[in-house]
Amino acid sequence: MIRTEEMLLNVGPQHPSTHGVFRLILKIDGEIIKEATPVIGYLHRGTEKIAEDLQYTQIIPYTDRMDYLSAMTNNYVLCHAVETMIELEVPERAEYLRVLAMELGRIASHLVWYGTYLLDIGATSPFLYAFRDREHIINLLNELSGGRLTFNYMRIGGVKWDAPEGWIEKVKNFVPYMREQIEGYHELVTGNEIFKERAKGIGTYTKEDAIAHSLSGANLRCTGVNYDIRKVEPYSIYDRFDFQVVTREEGDAWARYECRMQEMEESLKIVEQAVEQFPESGPVLGKVPRIIRPPKGEAYVRIESPRGEIGCYIASDGKKEPYRLKFRRPSFYNLQILPKLLKGENMANLVAILGGVDIVLGEVDG
Amino acid sequence: MEWIQGVFTSSPTIESFAIYLLITVPFLLMVLGFVTYAILAERKVMGYIQLRYGPNRTGGRFGLLQTVADVFKLLIKEDTRPKLADKGLFILAPVIAFVPSFMVLVVLPYTETLTFANLGIGLLYFIAISGISTIGIVTAGWASNNKYALMGGMRAVAQMISYEIPLLMSLVGLVLFAGTLNLTEIIEQQQYVPYILLQPIGFIIFFICALAELNRIPFDLPEAESEIIAGYHVEYSGFRFAFFMLAEYVYMFAMAGLITVLFLGGWQPIIGLGFIPGFVWFALKFSLVVFVFMWIRATLPRLRSDQLMEFAWKVLLPISLANIFLSAILKELFF
Amino acid sequence: MSNEEKDLEDLQKKKDLEAQSDQPSSQTSELKSDASTEPDARNEANQNPPTDTNKEMQDQSTNDSPTSKTEQEGATEPSHTSTTKSSKKPNEEPTSASSKDETNTEKTTAKKSDAQIDAQSDEKPERPKRPPRKRKKKDEEPKEEAPSPKQPQLESFVQVIEEHLGKNVLAENYINRLSKHIPTIVAKPEHYFQLAKFLKEHEELAFTYLSDIHGVDYETHMEVYVHLYSLTKNHSIALKVKVDRDNPTIDSLTPIWEGANWPESETYDLLGIQFTGHPDLKRILLGEDWKGHPLRKDYEPYDVEV
């Protein structure tokens, strides 16, 4: 008999495939994972604590840094929470600009996911193709907000800047371009047998598991749960657009891949419609009180970020700083299921599963 | 050119040793030059596939001195060694990996005359020697005293041993057709029809196995960047790392050369274009093979280790065995 | 200040400033003006410490609040007054009317700020707040009378709960108008777990999805806020439970929703609430050797300067 023993392997916090500073303590037997213990908190910056000393408008840039791949949705969730509390009406043009920014951001975020996921699995080129197309979106958002990653674009009651001249035209032209590129992605990757082998049946969980673990976004929809906050609790002007909630039944990494790929197309649909309906003119910032002082009380709003359900809870004591601010960070919730998924898996599947969950560590650690 | 042939076959004297040295040292330098520019070419080709420029600063617009600079950097880098590493093996491993990759070059016939050792069992020699580099890799993985390196080493052993079997089996059909293991003779028999046409199945299997033996995507599991970081050479730095790197590319040179020799007809020209010298043909075919290697690397994702094993034992081995029988029948009926 | 403001406004896009020229709506100018007025307010606070701040402290009967907190209150309180009477007053009516069940501390805050305004009414005359006041009144006044659209939903929830679990489990129930009219129920701590389980398992309620769980430190007590959603019925509910601040212990929801695992750990980490029955309660974001719970209001940072 050969004497075998289990080995303790430390994956991360410095590891190429953990997408940031995420650490996994693995107990492995050969290449089979017996037990996985995630360790997080390396990127905890205490956003919620800092926010207690800041006025609401000053918190917006901090939200950018949580989910830095879709900063627009983070901006929005805070503004939306405050607007809900002070019952502020947002001008229509601002709402359209917000939706355009958020949906473009969603595509950009999914593109990063697509690129890095394929990179994890070992294909190098899709990463660069995805980043090329993301660059177009970033340029568009840059023109809009002046930032490339942390936009700080939205304000309570509207947006910071109106769209520059010709911007809408550029967005309009971007839609068919992006559709063509997505076709290309499918040609390159979706039909690839190796990729299918790597993703199909990997990291499978059931509907019940997904719901019990409070997963959201594509991680939940890949099990066939039709849950998208843009549909079930329409916020902003999402009830004006015709789009589908993409679901799959299998609940594996492949279903998650398909969900995200199709979500990009649905987002393009929304962008297309928003461009068509875009109001000719109008203000982009509502009648905001000079100092925002939500009434005493609390509010919790949630919206659909590319990674799932992002929520913002504000408890106010009537001051200009929040008494307590809390973000429901989708990656944090989504990551919980990881130890369960990794148990009994091959080491090589580790990255395929972890990548498939689509985490952003800035968000996980808050 | 005749006299080179004469020197190669003459009995060993001091004089022939000197001549030998005079020819082989430039040749080794040529191989190193190839490695330098193969790395550059790989980066350039992948750059163009991936819509970027690749190296374009060091050494002019095409980054001609980029690899030179890289290797020089590796040379002057601090040579780190983990405290708990097995010192002897840690130092020995890169050498074990490096030497066989050069040793196999000796049997490759580049032109009719430029063959360093025209061995009767050239093919067997090539496969046998190339297997030694596996030992270097597993030694590196073990000696580093690093869990990732160990996993990389284990993966490398499992993979290389598994793929050596179909690699050899896929050649049996070809050897049946050729009736010899001498590489020069194999080329000579492809004067009209290269073996890629007579042995298509064998070619495909051999090509796949060659990729696996080279540890290149989609079979780069031993050094899978995203899984086990860099596998067996994770703890190596400086020139020891350069040794692994060089071995990999020299081995790629050798494999591409072997494929050119076995299946593409080596120096044999396409019929009607015989006025172009043989070494140009060899270089062209050889470059084509190398390019395909790079192309695949830029396109495919990586396999998983269990899939890799299954693929070797359940798919490639049976097909290569069937190929032997098919070749035997064809040989019996038509040749 | 007004010059600076003007410049900033010019920088902004040509929003219809003419329409609302008396009310500078741009965010930048708001921030700027805020920052520039703050020192004034602070100075004032130091010169004549407002007596009503102390009064408020007594009202809230926050015995355990440390001195650092009072200082903070004192510093921030005067900035309250930077809004004039006109904008504060209407605030008082709707909040107190809409959530009657809220404790009267709220009223005291409103009253106090009124008093403060009287005392310092000469401050910042250059800040007219007319337009927002008008709009707010228009928006909120009809709502005062009309019951919330979610009121029947809340009643049906409460009815089902009381039918099955008795009248004893709920401490309070109300509609939280600030949070999109969400039905909110406050459980008694001893029935919290039972109620949560019931909310999930009862087929009429079917709150299968745990959207969020976190805690708040209200200085008088702690509170755990749970947002539940039903995927089949498409309705939400906010479940709250009050936890004793000195010994914050409450049942864990992890046996019901595995997804409550990490958020509860986070709540423990940041607020110090102990969840009994939690499989692996640990400091999830801060290190294991961290001292204190940063989101508690009496937390003193190690490096006070930061």
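Observations, loosely collected:
- J(HN,Hα) series, region B:263-273, from Karplus relation 6.51 cos²θ - 1.76 cosθ + 1.60, nearest Hz, glycine and proline x: 10, 9, x, x, 7, 4, x, 5, 4, x, 10
- The distance between label points at residue C:246 and residue C:201 comes to 3.5 nm (points 7 Å beyond Cα on the Cα→Cβ vector).
- Modelled label positions at residue B:309 and residue C:156, each set 7 Å beyond Cα in the direction of Cβ, lie 5.7 nm from each other.
- Residue among B:178, B:93, B:85 with the largest mean-square fluctuation in a Gaussian network model of chain B, springs linking Cα atoms under 10 Å: B:85
- In region A:45-106, the trypsin sites (Lys or Arg not before Pro) that fall in loop regions by DSSP, at most 15 other Cβ within 10 Å: A:45
- Here chain B is scanned for GluC sites (Glu not before Pro) in DSSP loops (not H, G, I, E, B) that have at most 16 other Cβ atoms within 10 Å, and the longest stretch holding none of them is B:113-335.
- Estimated FRET transfer efficiency (residue C:289, residue A:5; beta-carbon r; R0 35 Å; 0.05): 0.70
- In range of the label at residue B:61: residues from region B:30-54 whose backbone nitrogen is under 15 Å from the point 7 Å along Cα→Cβ: B:53-54
- Choice from A:348, A:94, A:51 with maximal GNM fluctuation in chain A (Cα, 10 Å cutoff): A:348
- The distance separating the Cα centre of region A:321-352 from that of region A:216-260 comes to 18 Å.
- Nonlocal amide H pairs with residue A:158, under 5 Å, H built at 1.01 Å: A:286
- When B:260, A:204, B:184 are sorted by how many other C-beta atoms sit within 10 angstrom of their C-beta, beginning with the fewest, the order is A:204, B:184, B:260.
- Two-site FRET efficiency, residue A:265 against residue B:191, from Cβ-Cβ distance with R₀ of 45 Å, rounded to 0.05: 0.25
- Derived scalar couplings ³J(HN,Hα) [region B:121-127; Karplus, 6.51 cos²θ - 1.76 cosθ + 1.60; whole Hz; x for Gly, Pro]: 10, x, 5, 4, 4, 4, 5
- A viscosity of 1.002 mPa s and a temperature of 20 °C, combined with the Kirkwood radius over C-alpha pairs in the Stokes-Einstein formula, give region B:1-76 a diffusion coefficient of 143 µm²/s.
- At least 18 Å along the helix axis (C-alpha) and Kyte average at least -0.5, DSSP helices within chain A: A:71-86, A:92-121, A:125-145
- Across the cross-link table entries A:49/A:207; A:200/A:231; A:49/A:269; A:287/C:150; A:207/B:147, which are compared at the Cα atoms, the separations over 30 Å belong to A:49/A:207; A:49/A:269; A:207/B:147.
- Cut-off 10 Å between beta-carbons: net charge of the residues surrounding residue B:237, Lys and Arg +1, Asp and Glu -1: 0
- Simple Cβ-charge dipole of chain B, Lys/Arg +1 and Asp/Glu -1, about Cα centre, in debye nearest 20: 940 debye
- Local electrostatic count, residue B:84, Cβ distance below 13 Å [Lys/Arg +1, Asp/Glu -1]: +2
- When the Gaussian network model of chain B links Cα atoms closer than 10 Å, the mean-square fluctuations of B:107, B:193, B:25 top out at B:25.
- Percent RCO, i.e. relative contact order, over region B:1-76, from Cα pairs under 8 Å lying at least 6 residues apart: 17 percent
- Ellipticity estimate at 222 nm from DSSP helix runs (n ≥ 4, -39,500 (n - 2.57)) divided over chain B, nearest 500: -22000 deg cm²/dmol
- Amide hydrogen proximity for residue A:309: with H placed 1.01 Å from N in the peptide plane, the residues at 5 or more positions away or on another chain lying under 5 Å are A:216, A:217.
- Per-pair calculated FRET efficiency, R0 = 35 Å: residue A:87 and residue C:167 via Cβ, rounded to 0.05: 0.55
- Rel. contact order, % - alpha carbon contacts under 8 angstrom, at least six apart, chain B: 23 percent
- Other protein chain C-beta atoms within 10 Å of residue C-beta, averaged over A:347-355: 4.
- Summing +1 for each Lys or Arg and -1 for each Asp or Glu among the other residues whose beta-carbon sits under 13 angstrom from that of residue B:296 gives +1.
Values quoted throughout were computed directly from the atomic coordinates according to the rules given, and no laboratory measurement underlies them. Predicted, not measured: the structure shown is a model, and the values here were computed from it. All Cβ positions, glycine included, derive from the backbone under ideal geometry; neighbour counts span all protein chains shown.
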